[in-house]
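Participant: Got a structure for you, written out below as structure tokens; questions coming shortly.
The values are calculated or read from the model by the stated rules, or taken from the named source; none is laboratory data. Just so it is clear, the structure is predicted and the values come from calculations on it, not from any experiment. Cβ placement follows ideal geometry from the backbone for every residue including glycine, while neighbour counts extend to all protein chains displayed. Quick note on the areas: whole protein, heavy atoms, side chains included, nothing else; ligands and nucleic acids left out. Shrake-Rupley method; radii C 1.70, N 1.55, O 1.52, S 1.80 Å.
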Amino acid sequence: MRPEQLQDYALDLAKNTPGATRVQTLAEAGDTKHPYGLAVSRGKEERWQFIGQLAPGEKFDAPAAPVEGTPASGPAPAGDAGAEEWLAGILLAAENPEIATITRWSTREGERPGNYGLTVDYHNGARTFIRAL
């Protein structure tokens, strides 16, 4: 899954999650610096940039071939969850068969304080890095 595909997928998930009052792509929110990402309002605005890493042997000029497997899964997040936990939770609860794992940056061993984001690993070997802006 490429960043633009995950952006559209996460946009739909976030719009249908209780507590999200406004969800837009970064472009719709006026951000011209970051090509892919979301601006989510849940009391305050949270912005996320999506950056992709292709699967081994994959080329940008060819469409991404979806590979499905056992989906990463987890419970839906509480409405008052922190931004990183909330975003990871909506993705995990959806159980997309292309997503193999989701790692929250703030919970990694030795992570520096205040570094929030996610690494989404796909079954085809590609990755999307979601960075808090």
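Participant: How far apart, in nanometres, would the label points at E95 and R22 be if each is projected 7 angstrom from Cα along the Cα-to-Cβ direction?
Facilitator: In this crude label model, E95 to R22 measures out at 3.4 nm.
Participant: A further question follows. Which of the lysines could a cross-linker bridge to K59, judged by Cα under 27 Å and excluding same-chain residues fewer than eight apart?
Facilitator: Within the straight-line limit of under 27 Å, K59 reaches these lysines: K33.
Participant: Ordered by packing density, taken as the mean number of other Cβ atoms within 10 Å over each peptide's residues, highest first, how do 108-115, 65-72 rank?
Facilitator: Highest-to-lowest ranking by the protection proxy: 65-72, 108-115.
Participant: Calculate how steeply helix 3-15 sits against the longest principal axis of the alpha-carbon atoms of the chain, using the helix alpha-carbon long axis, and give the answer as 0 to 90 degrees to the nearest 10.
Facilitator: Taking the Cα atoms of the chain, the angle to 3-15 is about 40 degrees.
Participant: Could you calculate the FRET efficiency of S41 with D8 from 1/(1 + (r/R0)^6), where r is the beta carbon distance between them and R0 is 30 Å, rounded to 0.05?
Facilitator: Calculated value: 0.95.
Participant: What whole-number volume per residue, in cubic angstrom, does the convex hull of the C-alpha atoms of segment 48-133 give?
Facilitator: In segment 48-133, the Cα convex hull volume per residue is 109 Å³.
Participant: Still on this model: Sort 55-62, 91-98 by the packing proxy (mean of other Cβ within 10 Å over each peptide's residues), most packed first.
Facilitator: Highest mean packing first, the order is 91-98, 55-62.
Participant: Calculate what fraction, in whole %, of the accessible area of the chain sits on carbon and sulfur atoms when a 1.4 Å probe is rolled over the protein chains.
Facilitator: Looking at the chain in its full context, I get 50 percent from C and S.
Participant: Another question about this same structure. By how many degrees, 0 to 90 and rounded to 10, does the Cα axis of helix 83-94 deviate from the longest principal axis of the chain?
Facilitator: The angle comes out at about 50 degrees.
Participant: Which value, in debye to the nearest 20, describes the size of the charge dipole of segment 73-113 about its Cα centre when Lys and Arg Cβ atoms bear +1, Asp and Glu Cβ atoms bear -1, and nothing else is charged?
Facilitator: 100 debye
Participant: Another question, then. Which whole-number percent is the relative contact order of the chain (Cα, under 8 Å, 6+ apart)?
Facilitator: Once divided by the residue count of the chain, the mean separation gives 25 percent.
Participant: Calculate, for the chain, the solvent-accessible area per residue in square angstrom, rolling a 1.4 angstrom probe over the heavy atoms of the protein chains.
Facilitator: Normalised by residue count, the accessible surface of the chain is 54 Å².
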